[in-house]
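Below: one structure, written as C-alpha cells.
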Amino acid sequence: MKSELKSISKLSMRFLGLLMMSTVILAVLNLLFISIFAIKEGAGISPWQVAKDSAEAIQQENGSYTLSEEMKVKLKEEQAWAVLIDDTSGKVIWNSDDLPENIPKEYTLSDIASLTRGYMDGYPTFTGEAEDGLIVVGFPKDSYWKYMQPGWDYQFIKNIPITLLILVICNIALIFIIYMATNYKFLKSVGPIVEGIQYLPKKEMVNVKEKGALSELAANINQTSAILQSQQRMLKRKEEARSNWIAGVSHDIRTPLSMVMGYVGQLEEEDKLDQESRQKITVIRKQSEKMKQLIDDLNLASKLEYNMQPIHLKDENLVAAVREVAVEFMNIDLEGKYPVEWTADEQVSVCVIPADKSLLKRAISNLIQNCMNHNEDGCTIYLSIDIGESKCVISVEDNGIGATKEQIQHLNNTPHYMLGSNSSGELRHGLGLLIVKQIISSHGGEVVIEQSHYGGLAVRMVLPIAE
Amino acid sequence: MDYIKQKRILLVDDEAALLEMVISILKNNGFQHIRTAETMKEAITVANDYKPEFAILDVMLPDGDGFALLKHLREMADYPVLFLTARGEDEDKFAGFDSGADDYLVKPFLPKELIFRIMAILRRSYKGENPKVNLNHCEIDFERAAVVKEGEDIPLTAKEFELLSALYRQAGRIVTIDALCEAAWGENPFGYENSLMAHIRRIREKIEENPSKPVSLLTVKGLGYKLIVEEH
C-alpha cells in the first residue's frame with residue numbers, strides 16, 4: 001500500500017514539476033519573442049527622434065527659416081510634413097512644402113498641448129524644440145498609434161519588484177491549484193489501479209472500484225484478475241482431478257492385487273511344490289510386490305508433485321527412523337538374499353531434526369527397494385548415518401552391480417520425469433528415486449548419488465540440522 | 001501358541017473373493033474360528049451372536065465406513081481390531097488409530113505380513129491367558145514375571161519384563177533398539193542405549209544356556225534384537 005502511494009506522489013510531483021517548468025519556459029520564450037519582434041519592427045527611426053532632428057536641422061538666415069536638404073529628404077521618405085511654431089506668437093513661422101491644407105497656421109497653448117499628446121486632424125504629430133520655437137512633425141494618418149500615459153502613482157512604481165514577485169507566486173499557486181483540482185479525481189482513481197496491478201502477480205483476487213476517470217482501466221484490471229483467478233482454479237482443479245484419478249486407480253488396483261499376492265504368498269509356502277513351480281511362483285510374488293511398490297510410488301509422487309501431500313514436520317530421531325526401515329526389510333526378507341548391515345558409528349544413536357517421519361521412512365525404504373530391484377541375484381545393503389555440525393547424511397549403499405559414471409551423472413541430473421517431455425523408456429526407472437528427491441527437498445536437503453566403495457551404488461540423503 | 005489360534009475372529013470386507021482369500025490364509029496358519037460379514041449391518045449382527053475376540057475390518061463398506069463400525073463394535077465389547085484396507089493415505093491411518101484400532105494394514109499385503117500383525121496384536125492383547133512361553137533353554141512365565149530354567153525360578157525385574165514382553169510381541173522379528181527403549185523408558189528414549197545393552201546382558205544371563213553365545217535373544221548389530229520362540 002505504501003509503495004504505490006509513494007510511486008503515485010512521485011509521479012504527480014514529477015508531472016507538476018514538468019508543468020511548472022514548461023510554464024516558465026513558455027513565459028521566457030514569449031518575452032523573448034515579443035522583444036525580438038519589437039526590436040525588429042521598431043528598427044526604423046522613432047518619430048520623436050525625427051521631430052528632434054528636424055528641430056536641430058532648421059536654421060534661420062536673414063529672418064527666414066530653412067531645413068537642411070538631408071532632413072527634407074528624410075521627411076519626404078516618411079511622407080511627413082512639418083511646421084515651426086513661434087514661441088511667443090504661436091504663429092507658424094515655417095512649414096514644409098507639402099503641408100496638408102487644413103493644418104492651421106496659428107496655435108494656442110491648448111492646441112500645442114493637444115497635438116503633443118495626440119493627433120492633429122488625424123495626423124499623428126510629434127514635437128521637437130527648435131531655437132525659436134517648436135517643430136511639429138506630422139506623420140501620415142494611420143502610420144503611428146499614439147498614446148500618452150496619464151501618469152503613474154509613485155508607490156506603484158516603487159513597489160513594482162515586490163508586486164511582480166507576488167504576481168509570479170500567485171501565478172504558480174494558481175497553476176498548482178488548477179492542476180490539483182483537475183487531477184485530484186484522476187489521482188484518486190489511479191491509486192487503486194496501481195494497487196490492483198501490484199496485486200495481480202501475487203495471484204490474489206483483485207477488485208478495483210470501477211469509478212472515476214479511469215473506470216475502464218479498473219474494469220480491465222478486474223477482468224484480468226478474474227481470468228487469472230479462474231485459470232488458477234481450473235489449473236488447481238485439473239491437478240486435483242489428476243491426483244484424485246491416480247489415487248482412485250491405485251486404490252482400485254489394490255484389492256485385485258491383494259488377491260494375487262495373498263494366494264501367491266500361500267502357494268509359495270506350500271511344501272509339495274516342485275522346484276520349477278516354486279521358482280515361477282516366486283517370480284509372480286516378486287512382480288506383484290513390484291506392482292504394489294509402483295502403485296504406492298505413483299500415488300505419492302503425484303501428491304508430492306501437486307503439493308497435495310501434507311507434510312507434518314515434527315522433531316524426529318533420524319537414527320530411529322533408519323533403523324525402523326532397515327528392520328522392516330530384514331523382517332520380510334524371506335530368502336535372506338538382501339542382508340542389511342548397519343555401518344554407522346556405534347556412538348551414533350540420536351539425531352533429531354524436524355521431519356515427517358513416515359515420508360522420510362518412505363524415502364529410505366524406496367532406496368533399499370531400489371538396491372533390491374537392481375540386484376536380482378541379491379546383494380548386501382549398507383545403511384549408515386553420519387552426523388556433522390550442520391548436516392546429517394543418511395547413506396544407503398550396496399555391493400551390487402552399481403552403475404557407470406554416465407548413468408550416475410544422468411541419475412543426479414535428470415529432471416522430474418513428470419515435467420520432462422521425454423516419454424521413452426526412462427519413465428519407469430526414476431519413479432522411486434523421484435519420490436526420494438521430492439521428499440528430501442521438502443525437508444530442505446539434497447540427494448547425492450555416487451559410486452559406493454562397497455562396489456555398488458551409494459545414495460546419500462543430506463539433511464540440514466537446524467540450530 | 002495354540003491358545004491364540006483358538007481365538008474367534010470376525011472378518012469384514014465387502015469383497016467376497018477377498019474374504020475367501022483371507023480365510024484361507026488364516027486357516028493355513030492354524031486359525032480355527034472365523035466368521036465373515038460383507039456389510040456393516042451384517043457385521044453387527046454377527047458380532048452380537050458370535051462374540052468375536054478379534055476383528056479384521058475393511059474401511060470402506062457399502063453401508064458405512066469401518067471407523068463407524070468399530071465404534072459400534074466397541075460399544076458391545078472390547079477386543080483388538082486390525083484394519084485391512086485399500087486406503088493407504090497417512091490421514092486414513094491416523095483416523096484408523098484414532099478410532100482405536102490396534103493396527104492398520106494396507107492392501108495389497110503378503111500373507112506372512114498379515115499373520116505377523118495378527119499374532120503381535122493377539123499376543124499383546126491376550127498375554128495373560130497363556131503366560132508360559134517356551135524358549136530354547138527355558139520358559140518365560142509372564143504371569144509371574146519369572147524365567148523357569150531347569151526347574152528353577154529366576155524372577156525378572158520390571159524393565160526386563162517390559163523388554164521381554166516387547167520382544168515376545170514381535171517374536172521371530174527384529175525389534176529396533178529405539179522401540180525397546182521406548183517400551184522400557186517411554187516416549188523419546190534418547191540416550192538409553194547403554195542401559196538397554198546392560199539389561200539385555202542380564203536377560204541373557206537368565207534365559208540363555210551360554211549368555212556369550214545366545215540362541216534365544218539374538219543381536220542384530222546396530223539395529224536391534226530378536227527373540228526366538230520355540231513353537232510346539
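The values are calculated or read from the model by the stated rules, or taken from the named source; none is laboratory data. Note that the structure is a prediction, hence the values are computed from the model and not measured. All Cβ positions, even for glycine, are placed from backbone atoms using ideal geometry, and neighbour counts span all protein chains on display. Areas reflect the complete protein model, heavy atoms only, side chains present, ligands, DNA and RNA absent. Shrake-Rupley method; radii C 1.70, N 1.55, O 1.52, S 1.80 Å.
Some observations on this one:
Yes or no, residue by residue, for (1) touching an Asp or Glu at 6+ places or on another chain (Cβ under 9 Å); (2) modelled with pLDDT under 85:
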position: A:Leu11; (1), (2): no, yes
position: A:Gly17; (1), (2): no, yes
position: A:Met20; (1), (2): no, yes
position: A:Ser54; (1), (2): no, no
position: A:Ala57; (1), (2): yes, no
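- Checked against (1) within 14 Å of chain B (Cβ to nearest Cβ); (2) open to solvent by 80 Å² or more (accessible area, probe 1.4 Å), A:Met205 passes all but a single condition, namely (1).
- Residue within the range A:267-284 that is assigned to a helix (DSSP H, G or I), among the hydroxyl-bearing types (Ser, Thr, Tyr) and at pLDDT 85 or above present: yes
- Candidate set: the range A:230-256, residues that are of a type in the set (A, V, I, L, M, F, W, C) and within 14 Å of chain B (Cβ to nearest Cβ); chosen: the one surrounded by the fewest Cβ atoms within 10 Å (Cβ to Cβ): A:Val249
- Set side by side, the residues A:Thr255, A:Thr224 differ, and just one is over 30 Å from A:Leu433 (Cβ atoms), hydroxyl-bearing (Ser, Thr, Tyr) and not assigned by TED's automatic domain parsing to the domain that holds A:Tyr338, which is A:Thr224.
- B:Glu150 under 28 Å from A:Glu316 (Cβ atoms) and more than 13 Å from chain A (Cβ to nearest Cβ): no
- A:Met13, sole failed condition from (1) within 60 Å of the chain's Cα centre (by Cα); (2) open to solvent by less than 100 Å² (accessible area, probe 1.4 Å): (2)
- Enumeration of residues in the range A:292-315 that are under 21 Å from A:Ile368 (Cα atoms) and facing chain B (nearest Cβ under 10 Å): A:Lys292, A:Ile295, A:Asp296, A:Asn299, A:Leu300
- Residue selected from the range B:22-54 under the condition outside any helix (DSSP H, G or I) and of a type in the set (A, V, I, L, M), by the criterion surrounded by the fewest Cβ atoms within 10 Å (Cβ to Cβ): B:Ile34
- Selection within the range A:123-160 - open to solvent by less than 100 Å² (accessible area, probe 1.4 Å), in contact with a Pro (Cβ under 8 Å, 6 or more places away or on another chain) and of a type in the set (Phe, Trp, Tyr): A:Tyr123, A:Phe126, A:Phe139, A:Tyr144
- Of the strands (runs of 3 or more DSSP E) lying entirely inside the range B:64-137, those containing at least 3 residues that are open to solvent by less than 20 Å² (accessible area, probe 1.4 Å), more than 12 Å from chain A (Cβ to nearest Cβ) and under 27 Å from B:Ser24 (Cβ atoms) span B:81-85.
- Residue in the range B:38-61 that is modelled with pLDDT under 85, farther than 30 Å from A:Ile281 by Cβ and either within 14 Å of chain A (Cβ to nearest Cβ) or touching a Gly at 6+ places or on another chain (Cβ under 9 Å) (or both) present: no
- Considering A:Ile381, A:Ile435, the condition of being under 25 Å from A:Lys292 (Cβ atoms) and modelled with pLDDT of 90 or more is satisfied by A:Ile381 alone.
- Some residue of the range A:46-62 being surrounded by 10 or more Cβ atoms within 10 Å (Cβ to Cβ) and farther than 23 Å from A:Asp132 by Cβ: yes
- Against the numbered list (1) open to solvent by less than 60 Å² (accessible area, probe 1.4 Å); (2) closer than 25 Å to A:Tyr306 by Cα; (3) not β-branched (Val, Ile, Thr), A:Ala218 comes up short only at (2).
- Contact map, the range B:98-125: residues that are in contact (Cβ under 8 Å) with a residue 24 or more places away in the chain paired with residues that are open to solvent by 40 Å² or more (accessible area, probe 1.4 Å), Cβ distance under 6 Å, separation 6+ or inter-chain. Pairs shown: B:Ile115/B:Asn29; B:Ala120/B:Arg169; B:Ala120/B:Gln170; B:Ile121/B:Asp102; B:Arg123/B:Arg169; B:Arg124/B:Arg169.
- Residue pairs whose Cβ atoms lie under 9 Å apart, sitting 6 or more positions apart in sequence or on different chains, and linking a residue in the range B:1-23 that is within 22 Å of B:Leu61 (Cα to Cα) and in contact (Cβ under 8 Å) with a residue 12 or more places away in the chain to a partner that is β-branched (Val, Ile, Thr) and part of a loop (DSSP other than H, G, I, E, B), are B:Val12/B:Thr39; B:Asp14/B:Thr39.
- Pick from the range A:327-355, criterion touching a Ser or Thr at 6+ places or on another chain (Cβ under 8 Å) and part of a helix (DSSP H, G or I), ranking: nearest to the other protein chains (Cβ to nearest Cβ): A:Val327
- Scope the range A:304-319; condition outside any loop (DSSP other than H, G, I, E, B), closer than 30 Å to B:Asp178 by Cα and open to solvent by 10 Å² or more (accessible area, probe 1.4 Å); matching residues: A:Leu304, A:Lys314, A:Asp315, A:Glu316, A:Asn317
- Test result for B:Ala77, modelled with pLDDT under 90, under 21 Å from B:Lys5 (Cα atoms) and either of a type in the set (A, V, I, L, M, F, W, C) or not assigned by TED's automatic domain parsing to the domain that holds B:Ile118 (or both): yes
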